[in-house]
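A short worksheet on the structure shown next.
Every number in this text was worked out from the coordinates using simple rules, so none of it is lab data. Since the structure is predicted, the reported quantities are computational estimates derived from the model, not experimental observations. Counting neighbours? That spans all protein chains shown, and the Cβs are built from the backbone with ideal geometry, glycine included.
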């Protein structure tokens, strides 16, 4: 475990080159990981990514740094819970560099996301996780995340997709 005082987490400033480079580099590292698809981000995505995030008023990213090096990323989007009539936050990307996993950075990054969500008036935080990603599932479960259900008899929610391009 890393001393929590050594970890700094803050909102990425997309207009700041250092933060923009860290967001793109960490997302690329996540994409290259087997749990992120195992392939680097296309160059066109790397070029557009931070500008597109900056242009989206619902987007925010948190960067975790250790000794000033960016080692963790949470890309988040504000959404709206119709059942609660309140904002909510979805963690769209959550990544800790492989050499730093299991050290407390993920736990600290989740806590920072939750704090930011509360600051923004969110009623809940949502995320998706691959069923085979046991380390991430353990982290999320240890921090209070679990299957979404309205009524256990109806089952839990599934995250589906349909690619359009």
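Oblate is the label for region 1-78, because a/c, from the alpha-carbon gyration tensor with a ≥ b ≥ c as root eigenvalues, is 1.5 or above and a/b does not exceed b/c. Highest mobility in the GNM of the chain, judged by mean-square fluctuation with C-alpha springs under 10 Å and restricted to 142, 54, 154, is found for 154. Values (1) 59; (2) 68; (3) 63 are given for comparison; percent of Cα pairs over 18 Å apart, derived from the coordinates here, is the one labelled (3).
Given R0 = 25 Å, the distance between the Cβ atoms of residue 47 and residue 163 translates into a calculated FRET efficiency of 0.75.
Is the shape of region 78-120 rounded, prolate or oblate, going by the alpha carbon gyration tensor and its root eigenvalues a ≥ b ≥ c, with a/c under 1.5 for rounded and a/b larger than b/c for prolate? Taking the square roots of the gyration eigenvalues as a ≥ b ≥ c, region 78-120 is prolate.
If neighbour count is taken as other Cβ atoms inside 10 Å, put 165, 82, 103 in order from fewest to most. Could the numbers behind the result be given before it?
Details: 165 2, 82 8, 103 18.
By the 10 Å Cβ count, ascending, the order reads 165, 82, 103.
DSSP beta bridges confined to the chain are antiparallel in about 90 percent of cases.
Fewest-first ordering of 88, 1 by other beta carbons within 10 Å of each residue's beta carbon gives 1, 88.
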